[in-house]
Amino acid sequence: MGRSKLALQLLLLATIAAAAPAGHGAKSGASKGDAGTHSAMAPDVKALVDRMQAFYEKTTDFIASFQQQYTYKTFNRTQTSNGKVTFLKPAMMRWEYEKPTAKTFVLSGDKVYAYDPEAMTMTISGIKTNELSASVTFLWGVGRLEKEFSIARQPCASCKGVLLELTPLRQDPRFQKVQLEVDPKTAQVLKSVVVDPDGSENAISFSELKTGQGVAKDRFKIDPPPDTQVIDLTKAQK
């Protein structure tokens, strides 16, 4: 999975807008010409969505463990990864992969840093956070999900929480739909799934979530060893 698309996928999950060769990020705006049909949410779904948004609006930071399962539809293969994610308002995230290999992705301001200690490389790319989907920005207290998505509850026998399916009201080139499994008691996102245009799925499950940890901004800096090759794509984007 390439760095640019992976960064966007991680943001679309939880989540959250990134799995092709590293390069410029995809345009995040929805197509103006393909409006979807906006059906009213069921009362119980709206109540849960409102509680979920309220939870993240009042949350200033959180730390959680995650498991990511990326299923490639074309090859019928699933890649599983584990690690920890750290979030701090506004718009700062750190995804620290521990298994199967160590990698770090950091969103800080308008830049995404991808550090691969094994390859001894760090790639820096730009991202316009003000153009991200509400499926991302609701995490830091802006963006309303119901303005961009048709939201419905779906049956799920294996789910620990309530499964919500978010279908974009306007066609989006980045994904078909987003699924959020939400804890009905706490309104926290337990799992999120982004379905790619080709049917591949990027699923991230969250556990051990802790809020109000006093996360410092320094947590979102990467200081690689001096011999690390730094590839700054933001210079090429200017």
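The values are calculated or read from the model by the stated rules, or taken from the named source; none is laboratory data. What you see is a predicted model; the values in this text were computed from it and never measured. Don't worry about glycine lacking a Cβ; one is built from the backbone with ideal geometry, like all the others, and counts go over all protein chains shown.
Here THR137 meets each of (1) modelled with pLDDT of 90 or more; (2) not in a loop (DSSP other than H, G, I, E, B) with one exception, condition (1). Being modelled with pLDDT of 90 or more, surrounded by fewer than 18 Cβ atoms within 10 Å (Cβ to Cβ) and in a loop (DSSP other than H, G, I, E, B) holds for only one residue in THR101, THR80, THR74, and it is THR101. Tallying residues that are within 15 Å of the chain's Cα centre (by Cα) and of a type in the set (Asp, Glu) within the stretch 92-109 yields 1. Within the stretch 65-89, the set of residues being more than 17 Å from ALA102 (Cα to Cα) and touching a strand residue (DSSP E or B) at 6+ places or on another chain (Cβ under 9 Å) comprises THR71, TYR72, LYS73, ARG77, THR78, PHE87, LEU88, LYS89.
For SER192, state whether it is among the polar types (S, T, N, Q), assigned to a strand (DSSP E or B) and within 23 Å of ASN82 (Cα to Cα). Taking the combined requirement at face value, the residue satisfies it. Is it the case that some residue within the stretch 212-225 is over 22 Å from LYS58 (Cα atoms), in contact with a strand residue (DSSP E or B) (Cβ under 6 Å, 6 or more places away or on another chain), modelled with pLDDT under 95 and outside any strand (DSSP E or B)? Yes: one or more hits.
Evaluate the following for ILE16: is it modelled with pLDDT under 50 and either outside any helix (DSSP H, G or I) or more than 26 Å from ALA152 (Cβ to Cβ) (or both)? Spelling it out, ILE16 is indeed modelled with pLDDT under 50 and either outside any helix (DSSP H, G or I) or more than 26 Å from ALA152 (Cβ to Cβ) (or both). Only residues that are in a loop (DSSP other than H, G, I, E, B) and in contact with a Lys or Arg (Cβ under 8 Å, 6 or more places away or on another chain) were counted across the stretch 170-184, and they come to 2.
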